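The values are calculated or read from the model by the stated rules, or taken from the named source; none is laboratory data. These numbers were taken from a predicted model, which means no experiment stands behind them. Neighbour counts are summed over all protein chains in view; Cβ atoms, including those assigned to glycine, are modelled from backbone coordinates with ideal geometry.
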Amino acid sequence: MKIENVDIVGLGALGTMYADFFTKKLGKEHVRILSDGKRAEKYIEKGNYFNGKRCDFQYVNVSKEERASELLIVAVKYGALPGAIREVKHLINDNTVIISVLNGIQSEHDLAEAFGEEKIIYCIAQKMDALKEGNKASCKNKGELALGVMHGGKVENLKRITDLFDELKFPYVCPENMQKAMWSKLLCNVGVNQTVTFYEGTYATVQKRGEARNMMKAAMEEVVLVANAEGVKLTKKDVKEWVSIIDSLNPDGEPSMRQDSKADRPTEVALFAGTICRLAREHGIDVPVNEKFLHTLK
């Protein structure tokens, strides 16, 4: 079944960016922004902006919608995911395909538990520099989505998405080993996002030699140990490659976790250090740096 309609839940930086893209490509009538009634009213009253222009989105009260979702893009913060799952549950049917652009490796498991593994396409949002302050989002590099199936997912559902993306010229890749790709991105987030937040700095904080850079590398190496115990073949080479990428970033830039911390919003520490510490305990592995992050960055 061809995907003709897209639903988005969550209007952070990524949600706004994707809503803007699909609305312009498919038309407003084919893209719903799902939210509760009060939030929908707020969106209508105050609006949302992308790269300086007010967005003409279709905001709907999810509880009053009846048409099932075809492609559901989940772009909320992890703490809001349980509520989002409850709100959209009545719109999920056998033909729904779901992708999550949340960081980490946990959200797909939560969505699969709620709606069934066959509906989930595993996803990594990467190489973008999207930011949002208040109701204003911006992005110079829109990056790409890495997509794949795992744990009994349906290849035909992946093809439904890639067919749509090809038609709309939406950038994506399909890694050969999706599980390794997701763990590799987690390795990066665990290292740079948490370390920059811990030191209340910018990318420059970890680009120069010193304590912060060493802590970032140590946190990443702990991820390698846990990944190996989980059967995922990450190595110190992966750490080295990510450090090289981090060194190429704008020194004045900040990861999203640091932005959340500065704005007194809940951070994603549960997705990063929380995941690593939980799995490390199951395997009897010591991860002192991530334990420090977990108890400091809450």
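Annotations
- For the range 6-76, the strands (runs of 3 or more DSSP E) that sit wholly inside it and include 1 or more residues that are hydroxyl-bearing (Ser, Thr, Tyr) are 31-35, 58-61.
Here's the yes/no breakdown for (1) out of contact with any strand residue (DSSP E or B) (no Cβ under 7 Å at 6 or more places or on another chain); (2) of a type in the set (D, E, K, R); (3) assigned by TED's automatic domain parsing to the domain that holds residue 14:
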| position | (1), (2), (3) |
| --- | --- |
| 157 | no, no, yes |
| 163 | yes, yes, yes |
| 187 | yes, no, no |
| 190 | yes, no, no |
| 196 | yes, no, no |
| 254 | yes, yes, no |
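- Any hit, the range 171-186, residues being of a type outside the set (D, E, K, R), touching a helix residue (DSSP H, G or I) at 6+ places or on another chain (Cβ under 8 Å), in a helix (DSSP H, G or I) and farther than 27 Å from residue 75 by Cβ: no
- Test: residue in the range 60-72 that is crowded, with 17+ Cβ neighbours inside 10 Å and either of a type in the set (D, E, K, R) or modelled with pLDDT under 95 (or both): yes
- The combined condition, being of a type in the set (D, E, K, R), closer than 23 Å to residue 10 by Cβ and under 19 Å from the mean Cα position of the chain (by Cα), is not fulfilled by residue 180.
- With a requirement of 3 or more residues that are surrounded by fewer than 23 Cβ atoms within 10 Å (Cβ to Cβ), the helices (runs of 4 or more DSSP H) lying completely within the range 189-298 that satisfy it span 203-207, 211-229, 236-247, 256-262, 273-283, 288-296.
- Screening the range 240-298 for residues that are among the small types (Gly, Ala, Ser) and either in contact with a Phe, Trp or Tyr (Cβ under 6 Å, 6 or more places away or on another chain) or modelled with pLDDT under 90 (or both) and picking the one that is nearest to residue 140 (Cα to Cα) gives 253.
- Residues in the range 29-56 that are on the phi > 0 side of the Ramachandran plot and loosely packed, with under 13 Cβ neighbours inside 10 Å: 52 alone.
- Qualifying residue in the range 42-53 (condition: in contact (Cβ under 8 Å) with a residue 12 or more places away in the chain, among the aromatic types (Phe, Trp, Tyr) and touching a Phe, Trp or Tyr at 6+ places or on another chain (Cβ under 7 Å)): yes
- Residue under evaluation residue 88, criteria (1) surrounded by fewer than 16 Cβ atoms within 10 Å (Cβ to Cβ); (2) within 19 Å of the chain's Cα centre (by Cα); (3) over 28 Å from residue 258 (Cα atoms), criterion not met: (1)
- Within the range 102-127, the set of residues being hydrophobic (A, V, I, L, M, F, W, C), crowded, with 23+ Cβ neighbours inside 10 Å and in a helix (DSSP H, G or I) comprises just one member, 111.
- Number of the exception - residue 151 against (1) within 30 Å of residue 290 (Cβ to Cβ); (2) out of contact with any helix residue (DSSP H, G or I) (no Cβ under 6 Å at 6 or more places or on another chain); (3) of a type outside the set (Gly, Ala, Ser); (4) part of a loop (DSSP other than H, G, I, E, B): (2)
- Within the range 2-20, if we keep just the residues that are of a type in the set (A, V, I, L, M, F, W, C) and in contact with a helix residue (DSSP H, G or I) (Cβ under 8 Å, 6 or more places away or on another chain), the residue that is modelled with the lowest pLDDT turns out to be 13.
- Residue under evaluation residue 75, criteria (1) in contact with a Leu (Cβ under 9 Å, 6 or more places away or on another chain); (2) at pLDDT below 95; (3) under 21 Å from residue 267 (Cβ atoms), criterion not met: (2)
- Condition met for residue 95 (at pLDDT 95 or above, over 15 Å from residue 178 (Cβ atoms) and part of a loop (DSSP other than H, G, I, E, B)): yes
- Only a single criterion out of (1) under 30 Å from residue 53 (Cβ atoms); (2) assigned to a helix (DSSP H, G or I) is not satisfied by residue 143, namely (2).
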